[in-house]
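Only one structure is covered here, and it is reproduced in the block below.
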Amino acid sequence: DGGITQSPKYLFRKEGQNVTLSCEQNLNHDAMYWYRQDPGQGLRLIYYSQIVNDFQKGDIAEGYSVSREKKESFPLTVTSAQKNPTAFYLCASRRGISLYNEQFFGPGTRLTVL
Amino acid sequence: RKEVEQDPGPFNVPEGATVAFNCTYSNSASQSFFWYRQDCRKEPKLLMSVYSSGNEDGRFTAQLNRASQYISLLIRDSKLSDSATYLCVVNARDSNYQLIWGAGTKLIIKP
């Protein structure tokens, strides 16, 4: 089945630790995105990538880093510089950057800082 | 003013009723629009794309009003399973092809 997988589903981090969230897609989509969602709020864009080896900051990139070494993979690292990382993290992909291409999402990772 | 605004609700609606809610957007250059559905603690899933003047899919109808810069979602004969948060999404040319997300409208269908 084609789709987007994220792991782990739940992640607990101690303060001061870096953690990496995995996102893999087998849809052959060019573009990939990372969002953060806090309770009762909409999705906020962290980073996005339109092609391999290229990515751009979104609205809330501070304290996060990404890489795009392969088309199907777009891992997100939450660094110790991110002061309030507890949130629901969603990875998404799009076939291209055409205006009419919708986004598809993975099941998300819930990160909790202890 | 937020780029995409939605009434957070919740909308409490009896089963079988018709419910409608709107989403306003600020960028007049916006070209395409989507409605997503998000269940509690789950990922958003595409409900409908909204092109030109709008479209219909079964019990769901989406309308676009460019002059007033809003899109609407109408749900007829509502089911208990329609309970969810409905997210409005706008894709605008001058946003580097990013999608701009509303915070969502929560809908609760009651038996």
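The values are calculated or read from the model by the stated rules, or taken from the named source; none is laboratory data. Quick caveat, the model's predicted, so the values are computed rather than measured. Positions of Cβ are backbone-derived with ideal geometry, glycine not excepted, and every protein chain shown enters the neighbour counts.
Things to note:
- In region A:22-114, counting only strands (runs of 3 or more DSSP E) that sit wholly within it, the ones holding 3 or more residues that are aliphatic (A, V, I, L, M) span A:43-51, A:87-94.
Every residue, every condition in (1) on the phi > 0 side of the Ramachandran plot; (2) at pLDDT 95 or above, yes or no:
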| site | (1), (2) |
| --- | --- |
| B:A17 | no, yes |
| B:T24 | no, yes |
| B:G54 | yes, no |
| B:R66 | no, no |
| B:L73 | no, yes |
| B:S81 | no, yes |
| B:G102 | no, no |
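- Residue in region A:101-110 that is farther than 20 Å from B:Q38 by Cβ, surrounded by fewer than 17 Cβ atoms within 10 Å (Cβ to Cβ) and facing chain B (nearest Cβ under 9 Å) present: no
- Some residue of region B:64-81 being within 13 Å of another protein chain (Cβ to nearest Cβ) and either buried (at least 16 other Cβ atoms within 10 Å of the Cβ) or within 30 Å of A:S7 (Cβ to Cβ) (or both): no
- Residue identified as away from every other protein chain (no Cβ under 14 Å), out of contact with any helix residue (DSSP H, G or I) (no Cβ under 9 Å at 6 or more places or on another chain) and surrounded by fewer than 18 Cβ atoms within 10 Å (Cβ to Cβ) among B:N22, B:N55: B:N22
- Taking first residues from region A:19-30 that are under 30 Å from A:K83 (Cα atoms) and partners that are of a type in the set (V, I, T) and assigned to a strand (DSSP E or B), the Cβ contacts under 6 Å between residues at least 6 apart in sequence or on separate chains come to A:V19/A:V78; A:T20/A:T77; A:L21/A:T109; A:E24/A:T5; A:Q25/A:I4.
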